[in-house]
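Step one of this worksheet: look at the structure below.
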Amino acid sequence: MKLVKTKQEVRDTVKEWKKQGLTVGLVPTMGYLHEGHASLIDASVKNNDRTVVSIFVNPMQFSPNEDLESYPRDIARDSEVCGEHGADLIFNPEPEEMYGDMFCSYVDMDVLTKELCGLSRPIHFRGVCTVVSKLFNIVTPDNAYFGQKDAQQLAVIKRMVEDLDMNIKINGCPIVREADGLAKSSRNTYLSAEERRAALILSKTVNLGRSMIESGERDTEKIVSAMVKNIETEPLAKTDYVKIVDALTMQQIKTIDRPALCAMAVYIGKTRLIDNFEVV
């Protein structure tokens, strides 16, 4: 495994692989890798001849008041994780390598980005779509792997690939959780011990919503109301949103009569965490 910093090094390496007829998988990440990221690498290694992991904290998807500067970074640790799980190449560019002085081209999307995280993070998905499109153009993978924890992001990327005729298969992988149920996230490192215990309200609320649906409830207003009330039982928690949306369009629905996504964002102290579950 090797680590490279430039787009040209990636292109040269992948070109040689493809000359040999090898398939290439891409795992785009912002680093500080945990077991959730490792599961994506495992999936890529299993299904492709070569795997590229990109590690890039993308400034374009952070608003001025967000945690760009404090976002956890540890490339040495990340390299160990990539090596242990069989990745072949790490692409770890600097921002100036990805965005030159005259950079002014963006990939934007309507509809799917207007709900859920798009409401409280209005520039976020333009940054995501732009950087992922660039990574796809640089790496030219056959497959790319994204976690279901970022369910809206996964839906947005799938739509972008379809709309823009990108010849890449997008693979969604299940949420990986701690033993006590908390979804794995790089931002979990921000939590104090007390906040870490409080954060369990997210997975408990996921379980509540899922249980109501499994018991036959289909009225989304009733489900969401019960979930919000459950979050409010935790003093350190503040709800950003809890919504049930169409799984394809990300638009809110009143009745669960189609594949749906129940998603939430909750502040535990100053840390914003997300969780979700699908209704098939």
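The values are calculated or read from the model by the stated rules, or taken from the named source; none is laboratory data. Predicted model, so just to flag it, every value in this text is computed and none were measured. When we count neighbours, we look across all protein chains shown, and the Cβ atoms used for this are built from the backbone with ideal geometry, even at glycine. Heavy atoms of the whole protein, side chains included, go into the accessibility calculation; ligands, DNA and RNA do not. Shrake-Rupley method; radii C 1.70, N 1.55, O 1.52, S 1.80 Å.
Quick one: would you say residue 67 is out of contact with any Pro (no Cβ under 6 Å at 6 or more places or on another chain), over 27 Å from residue 162 (Cα atoms), at pLDDT 95 or above and in a helix (DSSP H, G or I)?
no
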query: Are there any pairs, at least 6 apart or on different chains, whose C-beta atoms fall under 9 Å, with the first in the range 201-229 and loosely packed, with under 13 Cβ neighbours inside 10 Å and the second of a type in the set (Lys, Arg), and if so, which?
result: 221/254
query: residue 144 passes all but one of (1) in contact with a Leu (Cβ under 8 Å, 6 or more places away or on another chain); (2) in contact (Cβ under 8 Å) with a residue 60 or more places away in the chain; (3) farther than 29 Å from residue 48 by Cα; which number fails?
result: (3)
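Which of the following residues is open to solvent by 40 Å² or more (accessible area, probe 1.4 Å) and more than 20 Å from the chain's Cα centre (by Cα): 66, 84?
84
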message: Out of everything in the range 18-36 that is open to solvent by 30 Å² or more (accessible area, probe 1.4 Å) and free of Cβ contacts under 8 Å to residues at least 60 places away in the same chain, what residue ends up being nearest to residue 76 (Cα to Cα)?
response: 22
message: So, residue 122, is that one out of contact with any His (no Cβ under 6 Å at 6 or more places or on another chain), surrounded by 18 or more Cβ atoms within 10 Å (Cβ to Cβ) and either assigned to a helix (DSSP H, G or I) or not aliphatic (A, V, I, L, M) (or both) or not?
response: no
query: Filtering the range 161-189 down to residues that are touching a Leu at 6+ places or on another chain (Cβ under 9 Å) and part of a helix (DSSP H, G or I), which residue is most open to solvent (accessible area, probe 1.4 Å)?
result: 187
Which numbered condition residue 43 fails, given (1) open to solvent by less than 30 Å² (accessible area, probe 1.4 Å); (2) in contact (Cβ under 8 Å) with a residue 60 or more places away in the chain; (3) in contact with a Lys or Arg (Cβ under 7 Å, 6 or more places away or on another chain): (3)
